[in-house]
Amino acid sequence: MSSEDADRAAEIQHLMRIGGNVIAFITNSADMLNRTYFAINLGREAKVLAWATSTALGFISEAPQEYLDITNDIRKYSDSITQKIEENPEWLELTPDGIPILHATQLIGIWGSLESFVGDIFKASLKYRPELLDGKAFEKINLPVSLIARDSDELYSTIYQRVLPPGSGQIGKLEDVLNMVNLGGPIDANLKKELHSAHQIRNLWAHNAGIADGHFLEQCSYLGYRLGDTVEITADRYKSLTQAIVDYVSVILDRINKRGFV
């Protein structure tokens, strides 16, 4: 393998690892969400079990003292579990749609990981392919000579900040960034629409507590909300939005493979 091919192989491996990390983050987020719901459901069962155990042991009055001492300890802990759950009943009230605020906070973090992923892909591409800097997108960038001479990660981060378009979280803007490093491309219309929804819903929860405002209604009129409505993220909606993000990361990774050794 030539030196150039070795560099290309290292580049592909590096970029694929970045994408794998994002998908792992999203997968782990989903796993933590599932564990949270499992804990809530387990809490319901624990309350019933604790109450039944305490009640059953209460019927035992004639037994060796050692046994009674143990049953009293079990009853004490069972009663404590029951009391704690009764003092915080809202934690056990899980609707079929799940907990929208939990889905929203997860979505905010996951979209942030997507934005970071695109930025990391951009910077790594410049590092492995400095000839990309001859492109039109970089013509007007002026950088200190000292920064250029260092050829460090700081250099590529600075370039990224200089070319980052306003409203860079939008799917179109993310594609603009990828186009600068020859990794842009077509996106399925349905996937693009779902990604647009994810970004707008993410922004609404991050900046307006999930309450539909004029901007959101203009951007997502197809979702059918009215001004002042709370845009709740149900369990199914959360799954579809996060799956769209995973699918988009996969699309980008596929583009990296296709760009390959060219």
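Bear in mind that the values in this text are calculations on the coordinates, not laboratory data. If you're wondering where the values come from, they're calculated on a predicted model, not measured in any experiment. Here the Cβ is made from the backbone with ideal geometry for all residues, glycine too, and neighbour counts use every protein chain on show.
Run the numbers for GLN65 and SER116: contour at 0.36 nm per residue of separation, minus the present Cα-Cα distance, in nm.
Gain on extension, GLN65 to SER116, equals 12.0 nm.
In order along segment 235-241, the phi-based Karplus estimate (6.51 cos²θ - 1.76 cosθ + 1.60, θ = phi - 60°) of 3J(HN,Hα) comes to 4, 5, 5, 4, 4, 5, 5 Hz; Gly and Pro are listed as x.
Computed from phi, the 3J(HN,Hα) profile of segment 119-126 under the Karplus parametrisation 6.51, -1.76, 1.60 (θ = phi - 60°) reads x, 5, 4, 4, 5, 5, 4, 5 Hz, with x in place of Gly and Pro.
With R₀ fixed at 41 Å, the C-beta to C-beta distance from LYS192 to ALA56 puts the FRET efficiency at about 0.10. Here the Karplus relation 6.51 cos²θ - 1.76 cosθ + 1.60, evaluated at θ = phi - 60°, turns the backbone of segment 10-21 into coupling constants of 5, 4, 4, 4, 5, 5, 5, 5, 4, x, x, 5 Hz, with x for every Gly and Pro. Here segment 3-259 is treated with +1 on each Lys and Arg Cβ and -1 on each Asp and Glu Cβ, and its dipole about the Cα centre works out to around 740 debye. The gain in end-to-end length when the ASN41 to ASP7 segment is fully stretched comes to 7.1 nm, 0.36 nm per residue minus the alpha carbon separation. Which residues among segment 169-212 fall inside the zone where the amide N is under 13 Å from a point 7 Å beyond the Cα of LEU227, along Cα→Cβ? Residues 212 fall inside that zone.
Computed packing ranks the peptides 29-36, 113-120 as 113-120, 29-36, most packed first, by mean other Cβ atoms within 10 Å.
Taken over the alpha carbons of segment 3-259 as equal point scatterers, the Debye sum produces base-10 log I(q)/I(0) values at 0.07, 0.11, 0.16, 0.17 Å⁻¹ of -0.41, -0.74, -1.17, -1.26.
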